[in-house]
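Undergrad: Mind looking over this structure? Questions follow.
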Amino acid sequence: MAAVQGSLVEEKDIKTEPSNDGGGNNNANDGRVLSTSPGSSASSGSNKSTTGAPEDQQTLLAVLQFLRKNNLTESVEILRREAGLPEDSLDPKGGDSSGAGSGSAAGGVDLEGVDASSLLSRVTVSSSAAAQAPNKVAEDQPDVNVVLSAYSQQGDPALYEVYYSGLKKFIESVLDCHRAELSQVFYPLFVHMYLELVYNNHENEAKAFFEKFSGDQECYYEDDLRVLSSLTKKEHMRGNETLLDFRTSKFVLRISRDSYQLLKRHLQERQNNQIWNIIQEHLYIDIFDGMPRSKSQIDAMSGSLAGEAKREANKAKVYYGLLKEPEIELPLDDEDEEAENEEGKPKKKKPKKDSMGSKSKKQDPNAPSQTRIPLPELKDSDKLDKIMYMKEATKRIRLGPDNLPSICFYTFLNAYQGLTAVDFTDDSSLIAGGFADSTVRVWSVTPKKLRRVKSAADLNLIDKESDDVLERIMDEKTASESKILYGHSGPVYGISFSPDRNYLLSSSEDGTIRLWSLQTFTCLVGYKGHNYPVWDTQFSPHGYYFISGGHDRVARLWATDHYQPLRMFSGHLADVTCTRFHPNSNYVVTGSSDRTIRLWDVLSGNCVRIFTGHKGPIHALAFSPNGKFLASGATDGRVLLWDIGHGLMFGELKGHTDTIYSLRFSRDGEILASGSMDNTVRLWDATKAFDDLETDDFTAATGHIHLQDNSQELLLGTYMSKSTPVIHLHFTRRNLLLAAGAYNP
Amino acid sequence: MADREERRFAEVSRDSVKLVAESAGVELADDVAALLAEDVCYRLREATQSSSQFMRHAKRRKLTVEDFNRALRWSNVETICGYGAQDALPFRSVKEGELFFIEDRDINLVELALATNIPKGCAETMVRVNVSYLDGKGNLEPQGTVPTAVQSLSDDLLKYYQQITRAILGEDPHLMKVALLDLRSNSKIAALLPYFVYVISGVKSVSHDLEQLNRLLHMVKSLVQNPYLYLGSYVRSLVSSVMYCILEPLAASINPLNDHWTLRDYAALLLSHIFWTHGDLVSGLYHQILLSLQKVLSDPVRPLCSHYGAVVGLHALGWKAVERVLFPHLPAYWANLQAVLDDYSVSNAQVKADGHKVYGAILVAVERLLKMKALCLSQPAEGGPSSQPGSVVGAMGYRVSSPGLSPPPEPLSEAALGIASHLQAGGAGCPWEEWTPVPLPAMYCELYSFFGDSLAVRFSTGPGFGSYPACTPAQPGDARKEPPGLTSNPDTTRKMPQLTANLNISPRQDGSPRTDPPPPSLAATGSGRSLARSSSSSSSSSSSSSVQRSRSSSSRSGQRSAGLSRDVFPKARFTSPQTGPPAFSFLIGGRQMGRRCQGRRPFQTTFAPTPSIPTIPPRAYAHKLPVIGRVGKPVRRWACSHYSLHLPL
């Protein structure tokens, strides 16, 4: 594993999305500083999206200075080189700050403009605050002031209602085709107007405003409205995360040019500056040419915390193809013998094997190059495992609507401490559970018991040349069906086996991710970086790398042999709730409680896809085995299907009545299984859903999708458990479906 | 809208804030209180909001106090302690002051610490798998037949509980059998375990009713044998109930017509069974039980039936327990017993009869002790120069038993078989002393001084005692079908009883329960051990099987006369009419036994050539077999596999 070293392991990790809030630690602060700088100068400018370049320069300088102040000279160099700044661009103040050390903030002030100085002071404030204690409120305070100052513009509070109902009347009166589009404006307008009222201490007016119009908003904003309604004082606005999300990011609307013109003309006619200002400052209107969208089209895509994704956000090329499988000599002969002995039908297997072989030889045009990111070399044991995998694959059952998988349910009994996460190894030989009592428990699912490696002293006595040395190093006395791993100090929310079954990752509320050895059943590393609960973690399918995401809204990419993250993916406006690796290890996908899904490029650290459409926090993600599609499940009980290449939603699977905690495609991708809190496993016809996919150019270009409501046709079966929420699903290599959950009497 | 909002949120009124402030000694103005109240509401909502994400990630539907505290902790607010209880807290009002409060009872810590009621929810976290849907169709078996300890009782369970207890404690013996059978195999009764344990702990209140005691003990057995039950700490309670039946001078024993001896025997058997099958759970109890047995034994005030219980209890715990406790106490105890036995007055007749019972029990125990000890000592003597005749026999045994089923015997096995040959009457040359270091003869001498010929009679079944004066004369020839000349073919007849004994006590051939480390001599590997075992079992056999016999016979005949206790051990029953060919079957059987205990080979394959085995023991014992523990092991093994995670594919 240590063989992998290279371009990844350097300071690219400060790349962030332009609209992000960041979270609670040093590095995330950098991200936030970047993003809020447009906001800080918002009072002067009109439309910030066009004035990026000079400000970026300034923030870059600020970051550089910050780095230099903290003696991160190497990072400074790299960042400077990458940004293409001349070496002397930093020098004057650089000499000051690095020399003086403590007085560096002052050194920075006189060199930059007013903007930059305030920026810098904030950098110092927030960084010192973070250093002292990860106190979110303390960090956010300077920010809040900046953000909220945008609300200071005074209007007559009594007029807000008039404005709003005026606009409402107008939108209700426009042509039907525009009405749905323009109705999108209601929600962000409503929120911002309410916040302005609150900020300016018009508590009663705000309450009245809320009561009058909150009922008009789409039902999927209910959760946010609830937060909003409890917020009635200016003081409350400090430290309120939802609010900050709303302020720091622009709400994105997609509106056709015709509708937009209509709205604009109306507002200008009415001299409705109040609303116009809000639209200018807090909304990002993504205008497209062509037919206005229908209500259902809009509803399908909206629901996220910050509106829809901008169309450009999903334009980047994604290499979703699979990597070429390494060529491994498959000992065909004895397998045939075996097959003959066992079943006497060797004929049936041959064609399959051939197809497999040819599949692995052909290079997928959509695949990234084999060395796009450095991957660990295969060890002998990995090759053996691959062979095992292929052998098993030949015995795989082809699933389909007429041939549904059998389901085995692994029930955790007496799990009073609370089962919070489950994972299976790929070969289904081990099962691990993370529990709310901070323990991780591993069970062997095969008759092979779990054994620990002998102690160092005993290992010395072993004949190291013997053939069965791997067997000899195991301590027979420790054989047991399960092992408990102690180390975390909070509930274990995420758990993941390494592909080679030697390691186990667990992420916990205590802010750490731990790497456990399944040879010694001890903790090897505690990865600290998330200073807040880590909700999920997963190993890359090729091992070595892993991804984690947590309450700090940042997803991090790690390598097992680095104690610091290689990449930080920041951009989500709320907690990163689940994280998954793409089958080719070049991308990761994160789901968040801001109700968006983001796909990140591991190589560049860029966000290459933003998927909106869920109406609740996302708790389950799954890539199809061919890497082309993504399924996501959320608290709203819906499964959405996404085409990664085109960046489009192409399916909505309705049926579950509660949060979906697990999703899994069958090994060949024909069946999608979803497990939910409603104690059911549902099977969906993925093949049919993929076939229905419209990939005509128009849809691809505009991103306007027409979802058929065909959930019932796609639903192949609903399988009840006995009051056991399904929190994990796994297809064995032969396509037997394993489900797991804790019995919940 | 307004009332909708009010329904949505908990409000803290300004009066509440004022009251709280007052209780802290602060007087608040109205407007301040109002402001504070509003802020408190907001903060509460905020905390609730953020606590809900902990709930979501813990994949629960219920928001817990723990979630709330986590939210508080992450926002740097002190957590609220003391609300972690699962039960809902009663919310009370005080009429006068319009005060509402949560009832917070004082807890007596001493009481809590010393509470004897068994805590709930000690069951182990485990994973169990079942095929829920085959090919996406049909429900094969309902998922989640759950052995929980804290399951709330469903109506069905409650009904089941009532029916079962009624059946077991009721009049109908057939019904009882059915109930016990179900109790032994039902997988869904974990939730009832505490209740059953409670019922069983009722032994103390029915000590006058042997029948009921018996039924309760049967209930214990069924629970212990149920592979789906994890007894956990309940095993203590069960053991204490069993111990009660073994040791206490039950009210029922006042009437000499009551056969409480059988009950004690049965309870002792059960104790041993528990130790063998749940050794992991009761290991901590072993010494405790030894101590209490010792206490009873060394207390002359206790009635003889208690002493009897102590002796059979020790015997049940294995020969090591006998050696450690009974043997050292024997000299002191003997005087008392002798006094009882020597008193021929009429008024003492009953006590004397009891004395004979104790005498018999001690005899059985020490014989087993001697034999196991002899066996242990004989192992190191392997390959000694004196093993000549033994090796001959061993070779022969191998020839006989080697239809490709077993690996060739090692030297060890020959030596072991040599011992077996020594156990025969009139066995050639080798005197006992050659095989044993000093302590054993000393022990034997001491015991012989107590038991005299009766010990010798029992021991004369072994060969090596020819040199001892005691062993020669006392063979009640009537019982033995073999003519003296048969000694020339030693293997055959002498081993018949050994085989039956093997079957009886197979799982506990080590002679002591699992909690003790196995004797080092048995740590040998391979077939050598199996053969050694065969001989070991043979040596231990006659004694324990005689226990068996005495129990069963006494149970059969109700009350026995005291005089019988001396010849409760006639060997006659053990020899079957078979003479010639069965010898082979025996030897094979013996090997099987040994091997089976190691779990190396499937029992069946070797079992095949010995179809006559079951016919060898007398019917009475044969039907007793399952009780004694032969079943114990296999059932447990099966239970393990059933508990396990392995896919049922």
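All of the numbers you see were taken from the coordinates with simple rules; none came from a lab. No experiment lies behind these values; they were computed from the predicted model shown. Here the Cβ positions follow ideal geometry from the backbone for every residue, glycine too, while neighbour counts run over all protein chains shown.
Undergrad: Taking the beta-carbon count within 10 Å as an exposure proxy, list A:R734, B:R264, A:R441, B:R45 from fewest neighbours to most. Kindly include the intermediate steps, with their values, before the conclusion.
TA: On the way: A:R734 15, B:R264 27, A:R441 22, B:R45 19.
In increasing order of surrounding Cβ atoms, one gets A:R734, B:R45, A:R441, B:R264.
Undergrad: Using the reciprocal of the averaged 1/r over all distinct C-alpha pairs, how large is the Kirkwood radius of segment A:539-595 in Å?
TA: Working: mean 1/r = 0.0888 Å⁻¹.
The Cα-based Kirkwood calculation yields 11.3 Å.
Undergrad: How big is segment A:492-560 by the Kirkwood estimate over distinct Cα pairs, in Å?
TA: Working: mean 1/r = 0.0868 Å⁻¹.
Radius from the Kirkwood sum: 11.5 Å.
Undergrad: Hey, another quick one. Going by average Cβ neighbours within 10 Å, how do the peptides A:401-409, B:270-278 rank, with the highest at the top? Intermediate results must be reported in sequence, preceding the final value.
TA: Details: A:401-409: 20.1, B:270-278: 24.3.
Top of the packing list down: B:270-278, A:401-409.
Undergrad: Give me A:I618, B:I164, A:I462, A:I328 sorted ascending by neighbouring Cβ count inside 10 Å, so fewest comes first. Could the numbers behind the result be given before it?
TA: Numbers: A:I618 28, B:I164 25, A:I462 12, A:I328 15.
Going from least to most buried by this count: A:I462, A:I328, B:I164, A:I618.
Undergrad: Can you give the mean number of other chain Cβ atoms that lie within 10 Å of the Cβ atoms in peptide A:411-423?
TA: Working: counts 10, 4, 13, 14, 4, 8, 1, 5, 5, 5, 3, 2, 0.
Mean partner-chain Cβ count within 10 Å for A:411-423: 6.
Undergrad: In sequence order, what are the phi-derived ³J(HN,Hα) couplings for segment A:476-482 according to the Karplus relation 6.51 cos²θ - 1.76 cosθ + 1.60 with θ = phi - 60°, rounded to whole Hz, with x for glycine and proline?
TA: Listing the rounded values in order: 5, 5, 8, 4, 7, 6, 9 Hz.
Undergrad: Find the centroid of the Cα atoms in segment B:12-44 and in segment A:262-309, then give the distance between the two in whole Å.
TA: Between the Cα centres of segment B:12-44 and segment A:262-309 lies a distance of 43 Å.
Undergrad: Could you list which residues have their amide H under 5 Å from that of A:L603, counting only those 5 or more apart in sequence or on another chain, with H placed in the peptide plane?
TA: HN-HN under 5 Å from A:L603: empty list.
Undergrad: Enumerate the calculated ³J(HN,Hα) couplings along segment A:289-300 in order (Karplus 6.51 cos²θ - 1.76 cosθ + 1.60, θ = phi - 60°), each rounded to whole Hz, writing x wherever the residue is Gly or Pro.
TA: 8, x, 5, x, 7, 7, 4, 5, 5, 5, 4, 4
Undergrad: Collect residues whose amide H, placed 1.01 Å from N in the peptide plane, falls under 5 Å from the amide H of A:A309; neighbours closer than 5 in sequence don't count.
TA: A:T612
Undergrad: At a temperature of 20 °C and a viscosity of 1.002 mPa s, determine how fast segment A:465-508 diffuses translationally according to Stokes-Einstein, using the Kirkwood radius over alpha-carbon pairs as Rh; express D in µm²/s, rounded to the nearest whole number. Could you put the intermediate results ahead of the total?
TA: On the way: Rh = 13.2 Å.
The Stokes-Einstein estimate is 162 µm²/s.
Undergrad: Another question, then. Got a sec? How would A:F213, A:F288 order by Cβ neighbour count within 10 Å, fewest to most? Intermediate values should be presented prior to the final figure.
TA: Working: A:F213 20, A:F288 17.
Lowest to highest Cβ neighbour count: A:F288, A:F213.
Undergrad: Using the Karplus curve 6.51 cos²θ - 1.76 cosθ + 1.60 with θ = phi - 60°, work out ³J(HN,Hα) for each residue of segment B:208-217 in order, rounded to whole Hz, and write x for Gly and Pro.
TA: 8, 10, 4, 4, 5, 4, 4, 5, 5, 5
Undergrad: Averaged over peptide B:42-52, how many Cβ atoms belonging to another chain are found within 10 Å of each residue's Cβ?
TA: 3
Undergrad: With viscosity set to 1.306 mPa s and temperature to 10 °C, compute the Stokes-Einstein D of segment B:4-113, Rh being the Kirkwood radius across alpha carbon pairs; µm²/s, no decimals.
TA: Details: Rh = 16.4 Å.
Translational D for this selection: 97 µm²/s.
Undergrad: What does the average come to when, for each residue of peptide A:681-687, you count the partner chain Cβ atoms lying within 10 Å of its Cβ? Write out the running numbers ahead of the final one.
TA: Working: counts 3, 0, 2, 0, 0, 0, 0.
Per-residue shielding by partner chains comes out at 1.
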